[in-house]
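To start, the structure under review is shown below, and the notes come after it.
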Amino acid sequence: MRLGQLFCRSRDFKHALEASRPRLYRVAYAWTHDPSLADDLVQETLAKAWQRHDQLRDPKAQDAWLFSILTNCFRDHHRRQRETEDIDEMEIPCEHCLEAEQLRSELAARVRNAIAKLPEGQRQVVTLVDLEGFSYTEVSSILSIPSGTVMSRLCRARAALRATLLPELMASPQGPRMRRVK
């Protein structure tokens, strides 16, 4: 009977890991701006999570646990690679795009570019809080920094994004089209 319960638990855990892959990739890509590196970091994160799934004490904290592993993998990568090269903004080709889709993709590219220019700590905090919806406490746990640091980095990141994006949006013919993502 215990073997059956163990099998079901590991199968459920495997499904939960697979369901987390897109979110992990989004954050890894936002941090690295390199699709192959982001994919490698996610793969390493999932492999470590699978190997150490018995260390997860509270299944409700699985997301924060996975993002902590991702953060550590990202830090390990930086320790191994002291110098990194930034990739220019990648554009996804679209043959039959409508004008509205083009405007949205241009705005998204501007936002991605503005986020890419933020310092690493601010970029990590803003992607976890504003894009992934983690609380300050969860981000504090994921990045292993005090919650006050999370709040100050987030405040500075938002101010920098506002200073960068607002003049561009006011100058565009469509006017400002920002919305809060939370």
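Nothing in this text is a laboratory measurement; each read-out follows from the coordinates by a stated rule. Computed from a predicted structure; not experimentally measured. Cβ coordinates were reconstructed from backbone atoms using ideal geometry, including for glycine residues, and neighbour counts include every protein chain displayed.
What FRET efficiency do you get for Ser147 and Arg112 if R0 is 30 Å and r is their Cβ-Cβ distance, rounded to the nearest 0.05?
Efficiency for this residue pair is about 0.65.
I need the calculated FRET efficiency for the pair Ala163 and Arg26, taking r as the beta carbon distance and R₀ as 30 Å, to the nearest 0.05.
0.75
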